1. How are the alpha carbon pair distances in the chain distributed across 20 Å bins from zero to the largest one, expressed in percent?
2. With θ set to phi - 60°, apply the Karplus curve 6.51 cos²θ - 1.76 cosθ + 1.60 along the range 275-281 and write out the HN-Hα couplings as whole Hz, x wherever there is a Gly or Pro.
3. Taking square-rooted eigenvalues a ≥ b ≥ c of the alpha carbon gyration tensor, is the range 286-388 rounded, prolate or oblate, where a/c under 1.5 means rounded and, failing that, a/b exceeding b/c means prolate?
4. Once amide H atoms are placed 1.01 Å from N in the peptide plane, what residues at a sequence separation of 5 or more from Val215, or on another chain, have their amide H within under 5 Å of its amide H?
5. To the nearest 10 degrees, how steeply does helix 329-346 sit against the main Cα axis of the chain, on a 0 to 90 scale?
6. With respect to the cross-link table entries Lys110/Lys298; Lys254/Lys361; Lys191/Lys368, which display a Cα-Cα separation exceeding 32 Å?
7. So for each of 105-114, 364-373 I average, over its residues, the number of other beta carbons within 10 Å; can you give me the resulting order with the highest mean first?
8. Can you give me the distance in nm between label points at Leu380 and Gln233, each placed 7 Å from the Cα along the Cα-to-Cβ direction?
Amino acid sequence: MIIFYTKDLCVGGVPVLIKNLIEYFDRNKIDYRLLCFSKSYIYESLKSSNKTKHIILIDNINKHDYHKLVGSEDHLICTYFPSELYYFIKSNPFIVFWNVFPTTLVDVNKFGKLNLKILTTKLISYFELKKSLFFMDWEGIKEISRSNKLLINCPNYLTIPIQMNSNIFMERRHCIEEIKISYIGRSEEWKIFPLRKLIKDLSYVSLNYKVSLSVFTDNKIIIQNRIKDIDVQELEVCIYEKMNENEITNILNKEIDINVSMGTSSILGASLGIPTLLIDASNSELEFYKYKWLYETKGFSLGTLINSNRFYENKHNLDDVIKSFFHDPNFRVDQSMKCFDYVKRNHNIDVVANLLVKSLKKSKAKLKRASRFVVRISLLFIIIKRLRSKLKMGK
């Protein structure tokens, strides 16, 4: 049986990934179980579509009983290493690590300035040996090479899966007086700085063309406060807060001409046939930056983390893209088809989910053995965590 365990309460790339897979498993009668909390985005989303039969709510389950929820022949799929994995060790299920965020694996044994890389290297080697390590894109492989000096010769890719829709962009209007653009992303710093750059670029474009921006996020106030210092010129900015995937999709379908996003949000737009520009993550202001079309990415990357205020790897000025959309109807149709085809080839859930199921038959890593190389899922870490919690409560 395939087991998903998640502590995440909010919407994000991983919860959406799990939700998409569960909906596929449900349709295709593939055995799975989801362990999550009742107030989580993923539970609320699946509940609204009556897909809760194989969900176990863990709100009131003692952590010491978690091992009773899985069997030794089950496959526990992880995208990070929460300390609660310790409570599953007694059942010792198979474990598969899906490297979604680039630095999650290399930082698994990092505590402040202390990074026990020797343990992490052994963990990676064990996962590789047991065919239990999968990468969303090459960004994670690049981090392993940079941080741990390890070369992954034959990486196993499992890209972000998404349910494909018909290419409806062809049905939209082509003679238009305004270009409507979307940005989808949470109110986190590494997503806000790219948004600020996008708004600045569109503000410049708005002096010559009529453009508008729709921002879909989880916290409207944070976004408003972080962009209020930008002179938006003639740009109209509309911020939508806490909308579910269906609500966002409806607006994308009806109104949006270009989607500018990263990660899961980028392939959501492209799966609808919306021309999609990838934007990269950054923890600081971007001064010089160009964009790239989704289909121009390498190694399935849906955005890289930029560590400089100047980024030269992409090649498209936003001004040139908007100009082409206004003056060349064939250009917009061409971008629609290329972005849609890219997602269909590389992210179609029918392909990704089938590959996952087949790969699990070869995956042989065990949680008990893997835990030897992960400090945060050891008894010592659990004890220290409890003591720190008690000390905080005593203050």
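The values are calculated or read from the model by the stated rules, or taken from the named source; none is laboratory data. No experiment lies behind these values; they were computed from the predicted model shown. For neighbour counting, all protein chains shown are included, and Cβ atoms are generated from backbone atoms with ideal geometry for every residue, glycine included. Surface areas here come from the heavy atoms of the whole protein model, side chains and all, with no ligands, DNA or RNA. Shrake-Rupley method; radii C 1.70, N 1.55, O 1.52, S 1.80 Å.
1. 26, 56, 18, 0
2. x, 10, 9, 7, 10, 9, 7
3. In terms of gyration-tensor shape, oblate.
4. Long-range HN contacts for Val215: Tyr183, Cys238, Ile239, Tyr240.
5. Taking Cα atoms only, the helix is inclined about 10 degrees.
6. Cα-Cα > 32 Å for Lys254/Lys361; Lys191/Lys368; rest within.
7. Ranking the peptides 105-114, 364-373 by packing returns 364-373, 105-114.
8. If labels sit at Leu380 and Gln233, their model points lie 5.8 nm apart.
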